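The values are calculated or read from the model by the stated rules, or taken from the named source; none is laboratory data. Fair warning: this is a prediction, and the values are worked out from it, not measured in the lab. Reconstructed Cβ throughout: ideal geometry from the backbone, glycine too, with neighbour counts over all protein chains shown. What goes into the accessible areas is simple: the full protein's heavy atoms, side chains included, and nothing from ligands, DNA or RNA. Shrake-Rupley method; radii C 1.70, N 1.55, O 1.52, S 1.80 Å.
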Amino acid sequence: MFDSLADRLNSTLTDLRSRGRLSPEDVAAAMREIRLALLEADVNFKVVKSFVETVRERAVGDGVLGGLNPGQQVIKIVNEELTALMGTGAAKLRLKSSPSVILLAGLQGAGKTTACGKLAMLLAKQGRKPALVACDVYRPAAIDQLQTVGGQAGVPVFERGADVDPAEIAVWGVQQARQQGRDVVIVDTAGRLHVDAELMDELVRIRDAVKPDDTLLVLDAMTGQDAVNVAETFRERVDFSGILLTKLDGDARGGAALSVRAVTGVPIVYASVGEKLDQLEEFHPDRMASRILGMGDVLTLIERISENVDADRAAEMERKLQRSEFTLDDLLDQLRTIRKMGSLGGLAKMIPGLGKQLRGMDVDDRQLDRVEAIILSMTPQERRSPEIVNGTRRARIARGSGTSVQQINALLQQHRQMKKMMKGLAGGKMPGMPAIPGLPAAAGTAHKKRRKKR
Amino acid sequence: MIDYGRMFRGLDGGESETPTAPATEQRRGLLRRLVDNLAKSRQALQQQIAAIAFDPAADDVFEALEEALLLADCGVPATVEIVRRLEQEAAAGGLRTTEDLTAALRRVVADLLAGAESRIDLTARPSVVLVVGVNGTGKTTTVGKLAEHVRRAGGTVVIGAADTFRAAAGEQLETWAGRAGADFVGSTSGQDPAAVAFDAVSAAEARGRDVAIIDTAGRLHTQSNLMAELGKVRRVIASRLEGAPHETLLVVDATTGQNGLQQARLFGAAVPLTGIALTKLDGTAKGGIAIAIAHELGLPIKLIGVGETLDDLRPFDAAEFAAALLGAPS
């Protein structure tokens, strides 16, 4: 998401890094690059101005010129200031009362309705009993959409059609939720422009009627300079307590997140990183700042792995590896575990250094589908003992999986290599995570090379 | 009523080159509306121009101009280009007063935006319009409004709901189809969108309708599998009807920042685009991304959305847009 910004800063700062000493002109040039990068990343012009000024002042004030490693010092300053701008520590919802009420508001198309479903799913995962209330009475079929996402998330949706006043629906919905023993109520509202006085008044009425514990501004990560105007107006009128950032899985550099945080001081609480309902994450500003500087997002990666990898199965896998019994069934198992963690491209971006290497290379999740199809077209016996797969069997498997004999050969070859490699790794620390088949080979080597360098 | 001669090419109601009196009045109404809607940015920009224009030869004139354009989401390259052209004029001695500068700015911006045909080409029978874009830009609403405009301009419409992904997208579109009196080709959730597009084009042909408008699911341009799916939708349409789709419009939200360029590039790589529909110009967003897209990719803006009502979906006019953004005479 912030990759391009990371690249820009990296190249500027690598430049600084490669020289022994910095002249004031060097600092100025670096600041220009940072300014340009932030502008292209849609960070608000005014925020950019003050950010660059702060960095420059500190860079000069901290005596970069006389420092032992000036480049590192600039990186450190940029990192610290960026972290300060994004805020530190993950922000939490308040959720004080029972039921707690969360009000979601934002512009049209920011992704409120989907966010409602995702938030409900996340809260349910954390042991809460959420319910949804449909207060978007304007957009055609908005209520149907909320009912569908509610159904997918497995939470009740309270609606009274499109002819009732939204504030009335909200109050009624909270009552219903209380009666049914739900402990969190998420209120979906219609998208509205911050300059639409009438609809903003309505939002204030809804807020006053249900007195939410938290009001979240749903913000599209692709928003440009205007994000600041939107956030300031919503803050003035309904005083939101947190931001839910959507569509962060695209390649938007997400400068709006930085700007809005800087201008309103309100923390970003959640980030939506995919279309599926379980792709909402708690936002970690400190990690994001590291990510901007290209340090990767290792913490998130580790969290996802531990969430999705079953400890028992991992242990069993380790035993198997020690006896070098890594079958194609096991490979299939691992593929599915990886798939549960999200898209390959998304995962790769979290690994320091790898995100950059993979740019332009198409990390196609469908390659995994192909591998899956091939394995599923094999008989159980073939999966256990791939060495019996002869020419006839290959042709059959290729027909069955819609692939070619070459692709099957490649997979079998890869499997043999993995098995061999894992035999050596068997005593190692990460038995459940061998090389990923389907990932472009260059990426793997790039990663390895990097490792060696360190 | 909107002057449909400016919006469509190839519809009976819209071919007259000389606008009738009420249409002219309407156009003035549009201008006023656009001006009103963009009032804030216009004022801000005007103030900045006024503040710095005492000495158009000074360095910080262009710095302040640059700031204003960047704040309007015009992006660095387009801003640099605009400022470069103005600096040239200034160097040639053409910019002495505030008025000179304002007029020159408007001319340069209009120049960047003009060029390609900005009417929607509906000359073929049936004409197929494919509507694509990222999530939440207003594709479904644009399709619904466009259908109604085609009807008013004297055309008949089939709407194809090829958004088989988003919950209740079909219902939302069916409501619009009902309002516009259009035939509706629906789908079931998870159905192949290419099949729906195929059916919609077939229906338009079989029933002798003038236009088929195909709505697609919002997708992030970075999802290669979904972009490939879009490519397939287009291929299926093209194989069903030669020359189709006649228009492929990318719907861009005016609040979008520089990512809009990336959207235009990657959608364009998956399905050749014929134009942009710029929506949600009624907020404080300035829609400068349109200038960036026009400057870098040469894609014409064919429609603008300046509000929620039907009449707020408008034909695009570069001069009006530039005038409204940069301070038109009221």
Any residue at all in segment A:162-180 that is among the aromatic types (Phe, Trp, Tyr), closer than 15 Å to A:Lys112 by Cα and in a helix (DSSP H, G or I)? no
If I filter segment A:260-272 for residues that are part of a loop (DSSP other than H, G, I, E, B), under 12 Å from the mean Cα position of the chain (by Cα) and within 14 Å of chain B (Cβ to nearest Cβ), do I get at least one hit? no
Looking at segment A:243-254, can you tell me whether even one residue there is more than 9 Å from chain B (Cβ to nearest Cβ), over 15 Å from B:Val134 (Cβ atoms), open to solvent by 10 Å² or more (accessible area, probe 1.4 Å) and touching a residue at least 12 places away in the same chain (Cβ under 8 Å)? no
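Tell me, which residue of segment B:280-317 that is of a type in the set (Val, Ile, Thr) and open to solvent by 10 Å² or more (accessible area, probe 1.4 Å) is nearest to B:Leu230 (Cα to Cα)? Please lay out each step first, then the result.
Step one: filter segment B:280-317 for residues of a type in the set (Val, Ile, Thr), giving B:284, B:289, B:291, B:293, B:301, B:304, B:306, B:309.
Next, only the ones that are open to solvent by 10 Å² or more (accessible area, probe 1.4 Å) stay: B:284, B:309.
On the way: B:Thr284: 32, B:Thr309: 29 Å.
My answer is B:Thr309.
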Can you tell me which residue in segment B:242-257 is farthest from the other protein chains (Cβ to nearest Cβ), limited to those that are open to solvent by 20 Å² or more (accessible area, probe 1.4 Å) and either closer than 20 Å to B:Gly138 by Cα or in contact (Cβ under 8 Å) with a residue 24 or more places away in the chain (or both)? B:Gly243
Being in the same structural domain as A:Ile206 (by TED's automatic domain parsing), buried (at least 22 other Cβ atoms within 10 Å of the Cβ) and out of contact with any Gly (no Cβ under 6 Å at 6 or more places or on another chain) narrows it down to one residue among A:Gly161, A:Gly154, A:Gly117, A:Gly109; which is it? A:Gly117
Of (1) more than 14 Å from every other protein chain (Cβ to nearest Cβ); (2) open to solvent by 10 Å² or more (accessible area, probe 1.4 Å), B:Ala212 satisfies every one except (2)
In segment B:183-196, which residues are open to solvent by less than 20 Å² (accessible area, probe 1.4 Å) and touching a Ser or Thr at 6+ places or on another chain (Cβ under 8 Å)? B:Pro193, B:Val196
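Specify which of the listed residues (B:Gly160, B:Gly138) is over 22 Å from B:Arg9 (Cα atoms) and small (Gly, Ala, Ser).
On the way: B:Gly160 fails: over 22 Å from B:Arg9 (Cα atoms).
Every option except B:Gly138 fails the conditions.
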Being among the aliphatic types (A, V, I, L, M) and out of contact with any helix residue (DSSP H, G or I) (no Cβ under 9 Å at 6 or more places or on another chain) is the filter here; which residues of segment B:71-128 pass it? B:Ala91, B:Ala92, B:Ala103, B:Ala124
What is the one condition in (1) in contact (Cβ under 8 Å) with a residue 12 or more places away in the chain; (2) touching a Ser or Thr at 6+ places or on another chain (Cβ under 9 Å); (3) within 14 Å of chain A (Cβ to nearest Cβ) that B:Ala168 does not satisfy? (1)
Hits in segment B:70-94 - residues which are in contact with a His (Cβ under 8 Å, 6 or more places away or on another chain) and more than 21 Å from A:Lys46 (Cα to Cα): B:Glu81
Qualifying residue in segment A:129-148 (condition: more than 11 Å from chain B (Cβ to nearest Cβ), open to solvent by 10 Å² or more (accessible area, probe 1.4 Å) and more than 21 Å from B:Gly136 (Cα to Cα)): yes
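For segment B:261-275, does any single residue satisfy the condition of being within 11 Å of another protein chain (Cβ to nearest Cβ), open to solvent by less than 20 Å² (accessible area, probe 1.4 Å), assigned to a loop (DSSP other than H, G, I, E, B) and under 25 Å from A:Gly255 (Cα atoms)?
Narrowing segment B:261-275 to residues within 11 Å of another protein chain (Cβ to nearest Cβ): B:261-263, B:265-266.
Restricting the remaining residues to those that are open to solvent by less than 20 Å² (accessible area, probe 1.4 Å) gives B:261, B:263.
Adding the requirement that they be assigned to a loop (DSSP other than H, G, I, E, B) leaves none.
Within segment B:261-275 (the criterion being within 11 Å of another protein chain (Cβ to nearest Cβ), open to solvent by less than 20 Å² (accessible area, probe 1.4 Å), assigned to a loop (DSSP other than H, G, I, E, B) and under 25 Å from A:Gly255 (Cα atoms)), the answer is no, since none of the residues qualifies.
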Output the residues belonging to segment B:286-313 that are away from chain A (no Cβ under 14 Å) and within 9 Å of the chain's Cα centre (by Cα). B:Pro300, B:Ile301, B:Lys302, B:Leu303, B:Ile304
For segment A:177-233, what are the residues that are within 14 Å of chain B (Cβ to nearest Cβ), open to solvent by 30 Å² or more (accessible area, probe 1.4 Å) and small (Gly, Ala, Ser)? A:Ala197
When segment A:55-81 is examined, which residues are found to be open to solvent by less than 70 Å² (accessible area, probe 1.4 Å) and at pLDDT 80 or above? A:Val55, A:Arg58, A:Glu81
Might you let me know whether segment A:142-152 holds any residue that is in a loop (DSSP other than H, G, I, E, B) and modelled with pLDDT of 90 or more? no
Go through segment B:135-167 and report how many residues are assigned to a helix (DSSP H, G or I) and not hydroxyl-bearing (Ser, Thr, Tyr). 11
Answer yes or no as to whether B:Gly283 is within 12 Å of chain A (Cβ to nearest Cβ), over 15 Å from the mean Cα position of the chain (by Cα) and closer than 26 Å to A:Met200 by Cβ. yes
Which residues, taken from segment A:32-56, are part of a helix (DSSP H, G or I) and farther than 14 Å from A:Leu82 by Cα? A:Arg32, A:Glu33, A:Leu36, A:Leu39, A:Glu40, A:Phe45, A:Lys46
Looking only at helices (runs of 4 or more DSSP H) that lie completely in segment A:344-410, which have at least 1 residues being modelled with pLDDT of 65 or more and within 26 Å of the chain's Cα centre (by Cα)? A:365-376
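Could you list all residues from segment A:35-54 that are within 13 Å of chain B (Cβ to nearest Cβ) and buried (at least 18 other Cβ atoms within 10 Å of the Cβ)? If you could, list the steps in order and put the result at the bottom.
Of segment A:35-54, the ones within 13 Å of chain B (Cβ to nearest Cβ) are A:35-49.
Within segment A:35-54, A:Arg35, A:Ala37, A:Leu38, A:Leu39, A:Glu40, A:Ala41, A:Asp42, A:Val43, A:Asn44, A:Phe45, A:Val47, A:Val48 meet the criteria.
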Identify all residues within segment A:156-176 that are away from every other protein chain (no Cβ under 14 Å) and among the β-branched types (Val, Ile, Thr); write none if there are none. A:Val164, A:Ile169, A:Val171, A:Val174
